[in-house]
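For reference, the structure discussed in these notes is given below.
The values are calculated or read from the model by the stated rules, or taken from the named source; none is laboratory data. Remember, predicted model here, so these are calculated numbers, not experimental data. For neighbour counting, all protein chains shown are included, and Cβ atoms are generated from backbone atoms with ideal geometry for every residue, glycine included. Surface areas here come from the heavy atoms of the whole protein model, side chains and all, with no ligands, DNA or RNA. Shrake-Rupley method; radii C 1.70, N 1.55, O 1.52, S 1.80 Å.
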Amino acid sequence: MNILVIGGGGREHAIIKKLKENKKVTHIWALPGNGGIAEDAECVNIGAKDIDGIESFAKAHTIDFAVVAPDDPLVLGAVDRLEGIGIKCFGPNAAAAEIEGSKIFSKNLMKKYNIPTAEYETFDDMEKALSYVREKEMPIVIKADGLALGKGVIIAQTLTDAENAIRMMMADGAFGKSGSRIVIEEFLTGPEVSVLSFTDSKVVVPMVSSMDHKRALDGDMGLNTGGMGTIAPNPCYTKEIADICMETIFKPTVDAMNKEGRPFKGCLYFGLMLTPKGPKVIEYNCRFGDPETQVVLPLMETDLLETMMAVRDEKLADLEVKFSDGAACCVVHASKGYPGKYDTGFEITHEDMGDAFIYYAGAKTEDKKVLSAGGRVLGVVAKGDTLKKAIEKAYEASGKVHFENAFYRKDIGQKALELSK
Ligand code: AMP
Ligand code: GLY
């Protein structure tokens, strides 16, 4: 089978490696892929947001199945286009991807269907937003409505911070159109859990839970990033909590999307906070998380391609989707300076890593060398029987990966280990 994968980060590398475990897969194209993915797929330089380019490419090739991984092309309707020319796809159509594409849409959905989330108000008028926060207690959370590369959320500790955030989004246009409408919501506390799920709009099958580490530096210090590392499973996510989430969040969300005439098929990502008042939704994503995918898929025992095809054909109920009992850890190696300015173009090398492995994110190939080419350059992943072992192995392997200007957090998974005591 010929497979097309849209995207070019560590998540896509993990998806491609997993798809390749299916013997029927004979060829994979990655659009655009990256220099590291090139070891596993044919990378074609068509950007993930270039929907016309993607459609033309698909028309010119024989493609049996396509996976659209990132948020942008999903929200822009890549799945609608590809399905429109007869190519079966994994991923929601644009109408369903709105669950991530607009925070106002998702907040209103949760309110309408009683799905637990932070209290909020939405604004398209800056003066009204400013008056509102002046009446509220701090901290408070300000979110741009649209996609903002994961940077559209500001936790304001003081009124001045809140006012500045509102002005930055609504007057200065820091996130372009994405910030012209905003959500202001209550600040919640509690451990965070990421739950990726497969859903074909009829049933929802959660994958193993995980924990992201969003801040750049150890001890959850520094700026927010796209994610500096992950572990799975998340020890805070007990069977009891999973059952509550299934009944109060997962099923109601899938039903709500059906009732809105936007059936969701693909990977629905639940970003949850386990608050003293029970689990609440912090955010939905219409796709696999990055770097959550890098720890979740290595633990998946059921064939990924078959699962994705069952989702597409609305036959997920016929399949038993299994995950192993073990654990996994991903340590992201980034370019010094990320998420601010950084230098790239340094050769990436590694020694024998045993059974640990690398998923490349910001990498390119030049003269048969793999060079750093982005903020988050790669993730080193290891599995273990226990979380402790997985973490130890991921760090041991991390010491064997080399490129100039690299840095990585030294404490990925430490909080999870403490919580599991
Ligand atoms: P999001 O992009 O919506 O996932 O938000 C990014 C991060 O901001 C989340 O992972 C949380 O750590 C934090 N966050 C978002 N909303 C809230 C909230 N209402 N209360 C506390 N923290 C939040
Ligand atoms: N790791 C969070 C995300 O993919 O949005």
Using the Karplus equation 6.51 cos²θ - 1.76 cosθ + 1.60 (θ = phi - 60°), what ³J(HN,Hα) coupling, rounded to whole Hz, does each residue of the stretch 69-82 give in order, writing x for Gly and Pro?
-> 8, x, 4, 3, x, 5, 5, 7, x, 4, 5, 4, 5, 5
Would you work out which of Gly222, Ile249, Ser209 lies farthest towards the positive end of the dipole of the stretch 202-259, given +1 charges on the beta-carbon of Lys and Arg and -1 on that of Asp and Glu, about the Cα centre?
-> Ile249
In this model, which of Lys128/Lys214; Lys23/Lys88; Lys368/Lys388; Lys214/Lys341 are farther than 25 Å apart at the alpha-carbon?
-> Lys128/Lys214; Lys368/Lys388
Hey, can you grab everything whose amide H is under 5 Å from the amide H of Thr275? Only 5+ residues off in sequence or another chain; H modelled, so Pro and N-termini drop out.
-> Lys280
Label-point separation in nm, Lys400 to Ser420, each point 7 Å along Cα→Cβ = 2.2 nm
Between their Cα atoms, which of Lys18/Lys259; Lys322/Lys415; Lys20/Lys177 are more than 28 Å away from each other?
-> Lys18/Lys259; Lys20/Lys177
Reachable aspartates and glutamates from Lys103, criterion Cα separation under 17 angstrom, eight or more residues apart if same chain | Asp71, Asp72, Glu119, Glu121, Asp124, Asp125, Asp145, Glu185, Glu186, Glu260, Glu283
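Considering only protein heavy atoms and a probe of 1.4 Å, how much of the accessible area of the stretch 139-246 is carbon and sulfur, as a whole percent?
Details: 2620 of 4430 Å².
Using a 1.4 Å probe with all protein chains present, the stretch 139-246 comes out at 59 percent carbon and sulfur.
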Under a Gaussian network model of the chain whose springs join Cα atoms within less than 10 Å, the largest fluctuation of Val67, Val183, Val193 belongs to Val183
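Looking only at GluC sites (Glu not before Pro) in DSSP loops with at most 15 other Cβ atoms within 10 Å, what is the longest site-free stretch of the chain? Display every interim value, and only then the final one.
Working: sites that count: Glu21, Glu119, Glu135, Glu137, Glu301, Glu314, Glu320, Glu351, Glu404.
The longest such stretch corresponds to 138-300.
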Most mobile listed residue (Val254, Val153, Val205) in the chain, GNM with C-alpha springs under 10 Å = Val153
Got a sec? Charge dipole of the chain, +1 on Cβ for Lys and Arg, -1 for Asp and Glu; which of Pro139, Ser398, Leu319 is way out at the positive end?
-> Pro139
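What part of the accessible area of the stretch 76-123, given as a whole %, is carbon or sulfur when the probe is 1.4 angstrom? Don't skip to the end; give the middle numbers.
On the way: 850 of 1890 Å².
Answer for the stretch 76-123: carbon and sulfur cover 45 percent of the accessible area.
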What does the accessible area per residue of the stretch 118-261 come to in Å², with a 1.4 Å probe and no ligands, DNA or RNA counted?
-> 46 Å²
Rounded to the nearest 20 debye, dipole of the stretch 1-91 from Cβ charges on Lys, Arg, Asp, Glu = 320 debye
When the Cα centres of the stretch 150-215 and the stretch 322-396 are compared, how far apart do they sit, in Å?
-> 25 Å
Across the stretch 227-237, in residue order, what do the Karplus-derived ³J(HN,Hα) couplings come to in whole Hz, using 6.51 cos²θ - 1.76 cosθ + 1.60 with θ = phi - 60° and x for Gly and Pro?
-> x, 9, x, 8, 9, 8, x, 8, x, 6, 8
Computed label-point distance, nm, for sites Glu240 and Thr349 using a 7 Å Cα→Cβ extension | 5.3 nm
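Suppose every K and R has +1 on its Cβ and every D and E has -1 on its Cβ; what is the size of the dipole of the stretch 282-370 about the Cα centre, in Debye to the nearest 20?
On the way: 9 positive and 18 negative charges, 101 e Å.
Dipole of the stretch 282-370, to the nearest 20 debye: 480 debye.
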List the chymotrypsin sites (Phe, Trp or Tyr not before Pro) in the stretch 61-131 that DSSP assigns to loop (not H, G, I, E or B) and whose Cβ has at most 15 other Cβ atoms within 10 Å. Which are they?
-> Tyr113
Given charges at beta-carbon only (K, R positive; D, E negative), |dipole| of the chain in Debye = 120 debye
Subtracting the Cα-Cα distance of Met1 and Ser180 from 0.36 nm times their residue separation yields 60.1 nm
